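Here's the structure we're looking at; comments come further down.
Nothing in this text is a laboratory measurement; each read-out follows from the coordinates by a stated rule. Computed from a prediction, not measured in an experiment: that's the story for all the values here. All Cβ positions, glycine included, derive from the backbone under ideal geometry; neighbour counts span all protein chains shown.
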Amino acid sequence: MPIPYAIRPGDTLSRLARLHSITLARLLVLNPQVENPDLIKVGEMILVPDGGPAPAPVLAEENDPAPDPLWLKIARREMGVAETPGPDHTLRVLEYLAVCSRTDPSLRCKDETPWCSAFACWVMEQAGHDSPKTAWARSWFDQNWGEEEPMGDPRRGAITVFRRGTGGHVGFFIEDLGDRVAVLGGNQANKVKISNYPKLGNHYELLGYRWPV
């Protein structure tokens, strides 16, 4: 059963997850109020699994054997960006949509336009890679963007493409959770965040993973 824990100096969510023998994605599921895992404050209260070892303060994060690729670091810094309800629009979301030159200009000027692909395009181009330049999520798969990643063992940060009804969804692979996939993406509950999606369900089907060339 989860118990409260107050963030201490030197804590990071990645380190706390390792100390409690869970993944970062599972720790974020326990703490949906955390919009940006890189912006936690000393004294902030979170939930951690009961029975794990007591974390000790550290001065620096341990070396990660598989560090995030540049584009995933960029994507993480955008976590918490959200649509503005009503007639106003979030300028940052409009910046994402502005990259989609292959999408109708009338759709690029409002944050109600589905923007998961726009976010992925913006992130990749910020990292110096090309993108499909469209708000159509399945273009990353349909146009064979980049190169194919293995379905059973994608690298963290791989472009992850789902079919959703007649449309789709796209984000960045974080973790395989068995029958679900943890994805960092835009327009997930109308914001940039990490969410878990079924590989196969009533509304979703995982189409595959792509990696930039």
Next item on the list: Give the residue, chosen from 171, 157, 128, 186, that is more than 17 Å from the chain's Cα centre (by Cα) and not hydroxyl-bearing (Ser, Thr, Tyr).
Entry: 128
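Filter the range 115-159 down to the residues that are within 17 Å of residue 191 (Cα to Cα) and in contact with a Gly (Cβ under 6 Å, 6 or more places away or on another chain), then identify the one that is surrounded by the most Cβ atoms within 10 Å (Cβ to Cβ).
My answer is 115.
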Next item on the list: Of the conditions (1) in contact with a His (Cβ under 9 Å, 6 or more places away or on another chain); (2) part of a helix (DSSP H, G or I), residue 16 clears all except one; give me its number.
Entry: (1)
